[in-house]
Amino acid sequence: MTTVSDTTATNAAALANAQTKSLMGDTQDRFLTLLVTQLQNQDPLNPMDNAQVTSQIAQLSTVNGIQQLNNTLLALSGQMDMSQSLQAASLIGKQVLIPGEKVSLGSDAADPTIKSATPFGIDLISGSSKTIVSIVDASGALVRKLDLGAMDAGVYALSWNGKDDNGALVADGAYSVQVSAVDADGNPVSAQALTSGTVGSVAYTSEGLKLDLGLAGKISLLDIRQIM
């Protein structure tokens, strides 16, 4: 069920717009009252300089211009929020890759010899000459080592058949992914492990727009590395 609240951003923008207009009106009224009072009480022998009046009017125009600019930016922000909401809602039911190390392994109900692991992946910031992905169990023991060789920078989705390095099936349960990469000179390359989750709902929170991935937690759109 989608819990996106587009009206929240719209109502906030409308309220801010009304407040801005009210503030602009109050500012103009105060300025005009002050200017008229100054003109009425000026010394006839030493009247106000035209440059002074022009300067005050210019200052009022500058204030109004800034307030109108703020109002325009607020309206654009509201439109961007609504656009993000529509984009996020379209992700419901889809599987995504996000930063994380968790991998879950399970057996087929009809045939326990058939194993399936939740999708995972890696994110390479730059190209590597050697890339190693290690799958470890809950105790930290190495279960499977995948040598992916040289790879270009980018996001890669990977899979695991549930077997260890000797080709034997391992027990169902929770595992973790670790990734290491080096360049041609042997220097470490920044790499990040990715876990998967299915978008169940979208909601506005105090921290902004969030996607609910169930057990994988709640994430922002910026956390998504790949849509599968």
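Bear in mind that the values in this text are calculations on the coordinates, not laboratory data. These numbers come from a predicted model, not from an experiment. With ideal geometry, Cβ positions are generated from the backbone for all residues, glycine too; neighbour counts draw on all protein chains shown.
Which distance in nm do the two modelled labels at SER206 and ASN187 give, with both placed 7 Å along the Cα-to-Cβ direction?
With each label point 7 Å from Cα toward Cβ, the separation is 4.3 nm.
Would you please state the base-10 log of I(q)/I(0) at q = 0.18, 0.27 1/Å for the stretch 155-228, with intensities from the Debye formula using one equal scatterer on every alpha carbon?
Here log10 of I(q) over I(0) equals -0.94, -1.26.
What distance in nm separates the simple spin-label points at LEU169 and THR113, each placed 7 Å from Cα in the Cβ direction?
0.8 nm
May I ask you to evaluate 6.51 cos²θ - 1.76 cosθ + 1.60, the Karplus curve with θ = phi - 60°, for each residue of the stretch 175-186 and list the ³J(HN,Hα) values in order in whole Hz, giving x for glycine and proline?
Each residue of the stretch 175-186 in turn: 10, 10, 10, 10, 10, 9, 8, 9, 8, 5, 8, x Hz.
Quick one: give the max-minus-min coordinate of the C-alpha atoms of the stretch 105-170 along each principal axis, largest first, in Å.
42, 22, 19
Along each of the three principal axes of the Cα atoms of the stretch 95-227, give the extent in whole Å, ordering the values from largest to smallest.
The Cα atoms of the stretch 95-227 stretch 47, 46, 24 Å along the principal axes, largest first.
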